[in-house]
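For reference, the structure is listed below as structure tokens.
Please treat every number below as a calculation from the coordinates, not as lab data. Note that the structure is a prediction, hence the values are computed from the model and not measured. Methodologically, a virtual Cβ is constructed for each residue, glycine included, from the backbone with ideal geometry; neighbour enumeration extends over all protein chains shown.
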Amino acid sequence: MIRKKNRRLTHKERVQIETLLCEKKSKSYIAKVLKRARSTISREVNKWVQNKTDKYDADLAHWNAKDDYLNKRNSDKISSYQPLKIYVYRGLLSDWTPEQISGRLKDDYPNNPRMRISHESIYRFIYTRPQASLNKKLIKLLVRKKTRRKRIKKKRGGGSKIINQVSIDNRPKHIQLREEVGHWEGDLIVGKNHKSAIGTIVERKTRYTLIVKIESKKANEVAKKFSRILNKLNPIFKNSMTYDNGIEMARHEKITKNTGMKIYFAHPYSSWERGTNENTNGLIRRYLPKGTDFNEISLKQLQNIQEKLNNRPRKIIGYKTPKEMMNFELKFVA
């Protein structure tokens, strides 16, 4: 075998490794194609692929290797402990926030103190060299993708008078406590030039999210599509929904008739009364920023975003995922 003069794997070689692994080729075969020692390929692959669910990612592996080379004298915890660095990078590539990565580490490695790091330490690691090539890539994986961390102020929205609406003041007090599953918050996210929209419905206790593709903002269309997706749920998840004063909910009584769910309306200009939904809309905007024409977004794309949101750990529920919480609630169904 011809020995390579450059002992470190190149990005091109790592892309070849990823491609050949996807084709189910053996490590020996890959080593032969790349004219590398089998041990070199084994170390590279085994570092990232430890079980059947893991997938080798050429970009991630190369970023990590390059960072190791450039920062051998770096004493920060992420740079000095390879398994932690790999976990952090994987989390960022999965659209997890530093806070979610930090919280999930406690669940995944409860007895390993080396796999502990605060979200602030992750941010410091990313922002230490904001102009460096690697750090620019890491910053782009963050929620806001900003070179500086800023607080985002929420804008107050308008409201509309709806016939026979039931105020949130009349909503049973126990719903506020989030101790019972099946109480939702709903809203629309409006697209480019106010000519398209999608519906969002979020369960208050589990933070489970439903994204609804609608053809228009008309009340009948919203009632029809909301009813259809809510009726796919187990009956224990169909108790109530709290909505804002958008006129698209003018047929709220139709939703109640179709699903059996009571509809309550928040006060005008009081988005905090539906804080869970407002926060979730912000998360969805990461994937579908302002100016998006939702008529050009397919149902499959919306389902993929929904799946991502429901499988990301949330601090508010002990770093469990909304899907895990929903499955947990189902265990109590007789």
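Could you give the radius of gyration (one decimal) and Dmax (whole number) of the Cα atoms in the range 1-51, in Å?
Calculated on Cα positions, Rg and Dmax stand at 10.2, 32 Å.
Given charges of +1 on the Cβ of Lys and Arg and -1 on the Cβ of Asp and Glu, with all other atoms neutral, how large is the dipole of the chain about its Cα centre, in debye to the nearest 20?
In total the dipole reaches around 1700 debye.
By DSSP, what percent of the beta bridges with both residues in the chain are antiparallel, rounded to the nearest 5?
60 percent
May I ask you to sort GLU215, GLU221 by Cβ crowding, counting other Cβ atoms within 10 Å and putting the fewest first?
By the 10 Å Cβ count, ascending: GLU215, GLU221.
Taking just the C-alpha trace of the range 168-330, give me its Rg and Dmax in Å.
14.8, 41
Within a 10 angstrom radius of the beta carbon, how do ASP169, ASP95, ASP59 rank from fewest other beta carbons to most?
Fewest-to-most ranking of ASP169, ASP95, ASP59: ASP169, ASP59, ASP95.
Could you tell me how many cubic angstrom of Cα convex hull volume the range 15-109 has per residue?
114 Å³
Anything over 26 Å Cα to Cα? Flag those among LYS225/LYS315; LYS52/LYS225; LYS27/LYS55; LYS173/LYS254; LYS55/LYS308, in the order listed.
LYS225/LYS315; LYS52/LYS225
If I take every Cα pair under 8 Å that is 6 or more residues apart in the chain, average their sequence separation and divide by the length, what percent do I get for the relative contact order?
Computed value for the chain: 14 percent relative contact order.
Summing -39500 (n - 2.57) over the DSSP H runs of n ≥ 4 in the chain and dividing by its residue number, what mean residue ellipticity at 222 nm do you reach, to the nearest 500 deg cm²/dmol?
So the calculated ellipticity at 222 nm is -12500 deg cm²/dmol.
Dividing the convex hull volume of the alpha carbon atoms of the chain by its residue count, what do you get in Å³ per residue?
Spread over its residues, the Cα hull of the chain gives 174 Å³ apiece.
Assuming R0 = 41 Å, can you tell me the calculated FRET efficiency for the pair LYS25 and PHE332, based on Cβ-Cβ distance, to the nearest 0.05?
Efficiency at R0 = 41 Å is approximately 0.30.
Only Lys, Arg, Asp and Glu count, each charged at its Cβ (+1, +1, -1, -1), so figure out the dipole size of the range 209-334 about its Cα centre, rounded to 20 debye.
300 debye
Which one, VAL33, VAL222, THR276, is farthest towards the positive end of the dipole of the chain when Lys and Arg carry +1 and Asp and Glu -1 on their Cβ?
VAL33
If you project the alpha carbons of the range 219-303 onto their three principal axes, what span does each projection cover, largest first, in Å?
34, 31, 24
In a Debye calculation with equal point scatterers on the alpha-carbon sites of the range 279-329 and no solvent, what is log10 I(q)/I(0) at q = 0.13, 0.16, 0.23, 0.28 Å⁻¹?
Log10 I(q)/I(0), no solvent term: -0.37, -0.53, -0.89, -1.10.
Can you sort THR53, THR209 so the residue with the fewest Cβ neighbours within 10 Å comes first?
THR53, THR209
Could you give the size of the charge dipole of the range 288-332 about its Cα centre, using +1 on the Cβ of each K and R and -1 on the Cβ of each D and E, expressed in debye and rounded to the nearest 20?
Magnitude of the dipole: close to 280 debye.
Residue by residue through the range 307-318, what is 3J(HN,Hα) from phi via Karplus (6.51 cos²θ - 1.76 cosθ + 1.60, θ = phi - 60°)? Round to whole Hz and write x for glycine and proline.
5, 5, 4, 7, 10, 9, x, 10, 4, 4, 10, x
Do you know the relative contact order of the range 189-334, to the nearest whole percent, from alpha carbon pairs under 8 angstrom that are 6+ apart?
RCO, the range 189-334: 27 percent.
Looking only at the range 168-330, where both bridge partners belong to it, what percent of the DSSP beta bridges are antiparallel (to the nearest 5)?
Approximately 60 percent, going by the DSSP bridge assignments.
Report ³J(HN,Hα) in whole Hz for each residue of the range 39-52, in order, from the Karplus equation J = 6.51 cos²θ - 1.76 cosθ + 1.60 where θ = phi - 60°; Gly and Pro get x.
Each residue of the range 39-52 in turn: 5, 5, 5, 4, 4, 5, 6, 5, 5, 10, 10, 10, 8, 5 Hz.
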